[in-house]
Amino acid sequence: MRVPFLNFDAQHQPLKNQFLNAFEAFLDSNYYVLGNKVKEFEEEYAKFHNINYCAGVASGLDALYLALRILNIGKNDEVIVPSNTYIATVLAVSYVQAKPVFVEPEFITYNIDPQKIEEKITANTKAILPVHLYGQAANMSEIMNVAKKYNLMVIEDNAQAHGALHSHQMTGTFGHINATSFYPSKNLGALGDAGAITTSSNDYYEQIKMYRNYGSKVRYYNDVIGYNSRLDELQAALLLIKLKHLQEWNQERNRLAKKYFENLKNLSDIHLPQTLENNTHVYHLFVIRCPKRNELMDFLKKNEIDTLIHYPVPPHLQRAYQHLNFQKGDFPIAEQLADEMLSLPLYPGLSDSQIEYVCEKIQAYYGS
Ligand SMILES: Cc1ncc(COP(=O)(O)O)c(C=O)c1O
């Protein structure tokens, strides 16, 4: 049985006519940039989060970068980031010329360990940038407490956790400005690149709208040195259609995750993902930790099961960051996770029999 890592058919095929109609309306509208669909999507996405404002931008990386810029973070400033994250989180900090300061993750959630943040705070620390990896919220109550104590800004990277909850509050609503990505594979994915920020501040919202559009509030009048990073009008129209299904897709992700738990719980060799008591997971990815990970990956591949590693090299060991002079061993938890983690296929449309087949092969690999 073939099990691809990702397939969009179950999400997209039933919506195909709506997508085509949306394209036709877009074409006929004669209005292709920052039109009504962007506005409508921003309103709906903000409403979904129960937050005042959303502003669409071109990508998740741009959302992070613009958030940092608007919070005036720049040269000589330090930003606390998790040592286990996708590179975009760290790149955004570099773009504003600030220094990324890595903090190790918790073993149980793979997210930044709030207990280890305080020891990394210096006089130059300006912000904490927690990432809700794999679909689970970082421990935002504790992170917000540290931020308050030291008067730091908080920017959430919510690219991987659309609809996740921490203490009944949605991720993407805790920080001063929160960034997200609608890269196609995300829980809410566009059919191309797209991103957004959410905020409860009217001032930040107005600034993002200005910065994303050449620093201009009034056409051809430029107040700041802005950027071109607008949410594409067509992507907004498609995202509006998909947003209506996000909760149902997240529920399906949870149902599929449960199947994995049921079928793998007897295997003492592997660590299954754990959810903090006050979190609701949305399983952007189903990440296990396992011995002989690369061999397992090869074995599954031979059985037509695709898996991925998120991520094989932590940011501090990437060649792009060799100038920071980190060595192997500097962030041992992130490094261990990079060596042991494996993402199994999980997406709406994956069938129960496909999951059972994946689990059967994992069981066979570990000889039980
Ligand atoms: C945690 C995280 N942050 C940021 C990004 C960047 O988003 P984008 O690819 O839309 O720039 C991604 C995904 O790609 C991500 O997974």
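May I ask which residue of Ala257, Leu91, Met140 lies farthest towards the positive end of the charge dipole of the chain, with charges of +1 (Lys, Arg) and -1 (Asp, Glu) on Cβ and the Cα centre as origin? Result: Leu91, furthest along the dipole toward the positive end. As a rough footprinting exposure proxy, the listed residues Ile241, Ile112, Ile70, Ile121 were ranked by other beta carbons within 10 Å of their own, and the order from fewest upward is Ile241, Ile121, Ile70, Ile112.
The charge dipole of the range 66-130, taken about its Cα centre with unit charges on the Cβ of Lys, Arg, Asp and Glu (plus for the first two, minus for the last two), comes to roughly 340 debye. Per-residue ellipticity at 222 nm from helix content only, as computed over the chain with -39500 (n - 2.57) for each DSSP H run of at least four residues, stands at -11500 deg cm²/dmol. Cross-link reach is defined here as a Cα-Cα straight distance under 29 Å, omitting same-chain residues fewer than 8 places apart; for Lys37 the lysines meeting it are Lys16, Lys47, Lys186, Lys209, Lys217, Lys242, Lys244.
At full extension, Gln363 and Glu118 could sit 84.1 nm farther apart than now, given 0.36 nm per residue minus the alpha carbon distance. The GluC sites (Glu not before Pro) of the range 290-341 that DSSP puts in a loop, and whose beta carbon has at most 12 other beta carbons within 10 Å, are Glu304.
Here the dipole of the range 9-243 is about 360 debye; that uses its Cα centre as origin and unit charges on the Cβ of Lys and Arg (positive) and Asp and Glu (negative).
Read the figures in this text as sums done on the coordinates, not as results from a lab. Just so we're clear, the structure is a prediction, and the values are computed from it rather than from any experiment. Every residue, glycine among them, receives a Cβ derived from its backbone with ideal geometry; neighbour counts consider all protein chains shown.
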